[in-house]
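Everything below concerns the one structure shown next.
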Amino acid sequence: MFNHWLTAGKEWSMVHGSWSMIIALLLMTACSSDNGVTTADSGYRPVEIESAAVTRALQPGVTPYYGSSLALTYIYPGSPFNMVAGTSSDKFTRFGVEWQKQTNGNVTRWVQTGETASTMLWKSLEDRVNMYAYAPFIEPPTEGMNYTAIPFSIQVDQSDSTKLALSDLVAWQELNYYPTAGQDKISVIFRHLLTGLTVTLTSGPGGSPTKEELKDAEVTIQNVTKGVTFSLQDMIPHTTEGNGTENLTEIIPCKGSEERTWHCVFPEQTISANTLFVTIRVGNKTYNYQPVSDLHFEKDTAYRLTLEIGDTRLVPKSVDVVPWGAPVLMTDDELELK
């Protein structure tokens, strides 16, 4: 085609080489995106996450997912794959691909990340696919991720919403889905795999400590199991076995927007009777809560534990099951136990 402009062999050779370099550079540019994800497979529609939501603690209903990362897996059932190794000979089947949330003003979008990861693509508009996601994103172990036993541990420090999100393990799956025209952007709606707990403090008879003093109390959750494993296929968390106290931890909970409330998440478990569970420090006084009978906490369930703090003792008032996301709305009169 270049002979149309150049007829001399030498000129052709030099210019042909220059054009080859330019074309190569253009191809390299076209095959990569600004987030380091390669897009070498032209002709296929890329996977897009339109939104990610979750029924979460502290807020009613389904709200935008408040974490900043998730892992997305696509498995085409007709293709060979190894769930234990997280591999497949089908380039469209992908395991545990990291996505990050980017926010610019009021606009939020989810972007696939990874320096060596190729873009997730739809195989076609007719091929059905099984989709799985969990959050937060979990960095695979050095030896590789076993997607039938994904490891996860809660954070000790859950003292703000960002740290709470790192412990709030959530998951989603959509089976036998196919991206018909106009429906190839997915909406992820997570469910909780762990337990949510709200601790509410009330003032005992005599008003000491006062409501104002209780607002500044230091609350710590004690002796909770910290680790689980879960499978992509059933999304059921299983407690990580440990020797003695190896798998136990304390939690610094997140102070709630409502006065005298604290929130945390931890794996499904039973707190045995007479086990130290909650420590509360008010000024120079320390109060300990040890249940007199076993407390059972189930996954995907939120609880509210109300404790009355008096001058010399702590009295447990109630343990209630509450919907995920339902805020504890109490008036001052309700908080004043008569």
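When residue 254 is tested against (1) in contact with a Leu (Cβ under 6 Å, 6 or more places away or on another chain); (2) farther than 26 Å from residue 133 by Cβ, only condition (2) is not met.
For the range 69-96, what are the residues that are in contact (Cβ under 8 Å) with a residue 12 or more places away in the chain and part of a strand (DSSP E or B)? Those that are in contact (Cβ under 8 Å) with a residue 12 or more places away in the chain and part of a strand (DSSP E or B): 69, 70, 71, 72, 73, 74, 75, 81, 88, 94, 95, 96.
With a requirement of 1 or more residues that are in the same structural domain as residue 295 (by TED's automatic domain parsing), under 26 Å from residue 301 (Cα atoms) and without any contact (Cβ under 8 Å) to a residue 60 or more places away in the chain, the strands (runs of 3 or more DSSP E) lying completely within the range 193-239 that satisfy it span 218-225.
Counting residues in the range 105-120 that are surrounded by 14 or more Cβ atoms within 10 Å (Cβ to Cβ), within 30 Å of residue 197 (Cβ to Cβ) and at pLDDT below 90 gives zero. In the set (1) among the β-branched types (Val, Ile, Thr); (2) at pLDDT 90 or above; (3) under 18 Å from residue 120 (Cα atoms), residue 39 fails one condition alone, (2). When the range 138-184 is examined, which residues are found to be in contact with a strand residue (DSSP E or B) (Cβ under 6 Å, 6 or more places away or on another chain), hydrophobic (A, V, I, L, M, F, W, C) and more than 17 Å from residue 237 (Cβ to Cβ)? Scanning the range 138-184 gives 156, 164, 175. Taking the condition under 19 Å from residue 63 (Cα atoms), out of contact with any Cys (no Cβ under 6 Å at 6 or more places or on another chain) and among the aromatic types (Phe, Trp, Tyr), does residue 122 pass? The answer is no for residue 122. Considering only residues of the range 248-272 that are part of a loop (DSSP other than H, G, I, E, B) and out of contact with any Asp or Glu (no Cβ under 7 Å at 6 or more places or on another chain), which is nearest to residue 72 (Cα to Cα)? Filtering the range 248-272 for residues that are part of a loop (DSSP other than H, G, I, E, B) and out of contact with any Asp or Glu (no Cβ under 7 Å at 6 or more places or on another chain), the one nearest to residue 72 (Cα to Cα) comes out as 267.
All of 314, 276 fail the test of being surrounded by fewer than 21 Cβ atoms within 10 Å (Cβ to Cβ), more than 30 Å from the chain's Cα centre (by Cα), aliphatic (A, V, I, L, M) and assigned by TED's automatic domain parsing to the domain that holds residue 223, apart from 314. Tell me whether the range 241-249 contains one or more residues that are within 20 Å of residue 165 (Cβ to Cβ), of a type in the set (A, V, I, L, M, F, W, C) and within 22 Å of the chain's Cα centre (by Cα). No; the residues of the range 241-249 include none that is within 20 Å of residue 165 (Cβ to Cβ), of a type in the set (A, V, I, L, M, F, W, C) and within 22 Å of the chain's Cα centre (by Cα). Of all residues in the range 273-306, exactly one satisfies the criterion of being more than 28 Å from residue 210 (Cα to Cα) and basic (Lys, Arg), namely 299. I'd like the residue in the range 141-168 that is under 20 Å from residue 229 (Cα atoms) and among the hydroxyl-bearing types (Ser, Thr, Tyr) and, out of all such residues, is nearest to the chain's Cα centre (by Cα). Among residues in the range 141-168 that are under 20 Å from residue 229 (Cα atoms) and among the hydroxyl-bearing types (Ser, Thr, Tyr), the one nearest to the chain's Cα centre (by Cα) is 167. Tell me, which residue of the range 97-140 that is among the basic types (Lys, Arg) and not in a loop (DSSP other than H, G, I, E, B) is nearest to residue 230 (Cα to Cα)? The residue in question is 101. For residue 255, the criteria (1) more than 30 Å from residue 174 (Cα to Cα); (2) touching a Gly at 6+ places or on another chain (Cβ under 6 Å) hold in every case but one, which is (2). Residues in the range 146-175 that are within 18 Å of residue 95 (Cβ to Cβ) and surrounded by fewer than 19 Cβ atoms within 10 Å (Cβ to Cβ): 7 in all.
The values are calculated or read from the model by the stated rules, or taken from the named source; none is laboratory data. This is a predicted model, so every value here is computed, not measured. Methodologically, a virtual Cβ is constructed for each residue, glycine included, from the backbone with ideal geometry; neighbour enumeration extends over all protein chains shown.
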